[in-house]
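Note sheet for the following structure.
The values are calculated or read from the model by the stated rules, or taken from the named source; none is laboratory data. Since we're looking at a predicted model, the values are computed, not measured. Backbone-built Cβ (ideal geometry, glycine too); neighbour counts: all protein chains shown.
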Amino acid sequence: MNKIAIVTDSAACLLKPLINQYNIHVVPFGLIWGRETFRDGVDMTPAEFYRRLRKSQTLPTTSQPLIEDFVSTYRSLAQTAGGIVSIHLAQNMSGTCRTAQMAAAMVAEVPVHIVDTGTAVMAQGFVVLAAARAAQAGRTLDQVVQAAKAMMARVHLLAVQDRLDYLARSGRVPNVIALVGSALRIVPIFAIRHGEVSVVGQARTKPRAVQAMLEQMVARAGNRPVHAAVFHADVPDEAEELRAKIATRFDCVGLFVTEFTPVMGAHTGPGLLGVAFYTE
């Protein structure tokens, strides 16, 4: 009963082998498309989602994980765990943390600690993995939480997107940024830090924006060994090209490629390309 269980949401975009290796429990977001409802990463693959998105005349909407899903997950884990650390998408971007907190208050069987990562995608995923490794090493509840918080201070997330209409509709960036970018053909470089999405650079074309993003990665990482994850929304060739450039430029302790889940892609649209990383 001393084991600490790790829970997250599907916005972390974790690869299934990592989920299985570290016994991470993922509570999915919901995707609503017309009269159909899907569980993010469960009922529809990213390839199916983007193929349908490119052809559809209607856009999907998203919903945060259900409180009953959190409650059932926590109660199930309470049968074998001495504590739960539940790690989630930035609260400024979703009500998921609040829902998880309400669910935790309904579960008296085991202590549940909620962590707002202040980030998303594989930056969130790296925080989850840090906690999962600590849990697997037999650390206490407080030590697992501290491992997550320590990673939050270290991890970076950068992304480029040459098509901003989806982001504008989602409200994830101010409409004025999307309009200026579209009108002037500017491709922005985004960062997420402390729950805020900011524009940290721009270029006239996507390849130049990707190169500028790499230069920002160099400025942050220097010559230190890095752990990195390239993520993409239906641009696998571009993701592989970026992965190869990172592998050439940096001393990579770990480097892999992951896809945006359908719920994340519903907000960004196809074409987004980015990297999450931290240094040794």
Residues of the stretch 124-162 classified as out of contact with any strand residue (DSSP E or B) (no Cβ under 6 Å at 6 or more places or on another chain), under 17 Å from Val226 (Cβ atoms) and not in a helix (DSSP H, G or I), total: 1
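What is the residue count in the stretch 95-115 for residues that are assigned to a strand (DSSP E or B) and surrounded by 20 or more Cβ atoms within 10 Å (Cβ to Cβ)? Working first, answer last.
Restricting attention to the stretch 95-115, the residues satisfying the condition of being assigned to a strand (DSSP E or B) are 112-115.
Among the residues that remain, those that are also surrounded by 20 or more Cβ atoms within 10 Å (Cβ to Cβ) are: 112, 114-115.
Selection size over the stretch 95-115: 3.
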Here, strands (runs of 3 or more DSSP E) confined to the stretch 2-50 with at least 2 residues that are of a type outside the set (D, E, K, R) and over 24 Å from Ala104 (Cα atoms) are 30-33, 36-39
Among the residues of the stretch 129-145, write down those that are surrounded by fewer than 18 Cβ atoms within 10 Å (Cβ to Cβ) and out of contact with any helix residue (DSSP H, G or I) (no Cβ under 8 Å at 6 or more places or on another chain). Gln136, Ala137, Gly138, Thr140, Asp142
Pull up the stretch 183-238, narrow it to residues that are modelled with pLDDT of 95 or more and among the β-branched types (Val, Ile, Thr), then point me to the one that is farthest from the chain's Cα centre (by Cα). Val218
For the stretch 64-94, which residues satisfy the criterion of being of a type outside the set (A, V, I, L, M, F, W, C), surrounded by 15 or more Cβ atoms within 10 Å (Cβ to Cβ) and over 27 Å from Thr140 (Cβ atoms)? Gln64, Ser94
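Of all residues in the stretch 76-111 being among the polar types (S, T, N, Q) and in contact (Cβ under 8 Å) with a residue 40 or more places away in the chain, which is farthest from Asn23 (Cα to Cα)?
Here is the first cut: in the stretch 76-111, the ones among the polar types (S, T, N, Q) are 76, 79-80, 86, 91-92, 94, 96, 99, 101.
Then drop every residue that is not in contact (Cβ under 8 Å) with a residue 40 or more places away in the chain, which leaves 80, 86, 91-92, 94, 96.
Values: Thr80: 13, Ser86: 13, Gln91: 24, Asn92: 27, Ser94: 24, Thr96: 21 Å.
So the residue we want is Asn92.
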Result of the Cβ filter at 8 Å on the stretch 1-24, keeping first residues that are free of Cβ contacts under 8 Å to residues at least 12 places away in the same chain and under 15 Å from Ser86 (Cα atoms) and partners that are assigned to a strand (DSSP E or B) and not hydroxyl-bearing (Ser, Thr, Tyr), at least 6 apart or interchain, is Ile19/Val26
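Among the residues of the stretch 130-147 satisfying the criterion of being aliphatic (A, V, I, L, M) and in contact with a His (Cβ under 9 Å, 6 or more places away or on another chain), which is farthest from Glu196 (Cα to Cα)? Spell out how you get there, then give the answer.
We begin by selecting, within the stretch 130-147, every residue aliphatic (A, V, I, L, M); these are 130-132, 134-135, 137, 141, 144-145, 147.
Okay, now just the ones that are also in contact with a His (Cβ under 9 Å, 6 or more places away or on another chain), so 141, 144-145.
Values: Leu141: 28, Val144: 25, Val145: 22 Å.
Among residues in the stretch 130-147 that are aliphatic (A, V, I, L, M) and in contact with a His (Cβ under 9 Å, 6 or more places away or on another chain), the one farthest from Glu196 (Cα to Cα) is Leu141.
Of all the helices (runs of 4 or more DSSP H) wholly in the stretch 201-280, which have at least 3 residues that are among the aliphatic types (A, V, I, L, M) and under 25 Å from Arg54 (Cβ atoms)? Break it down stepwise before answering.
Working: elements: 206-221, 236-249, 262-268.
Filter on the stretch 201-280 gives 206-221, 262-268.
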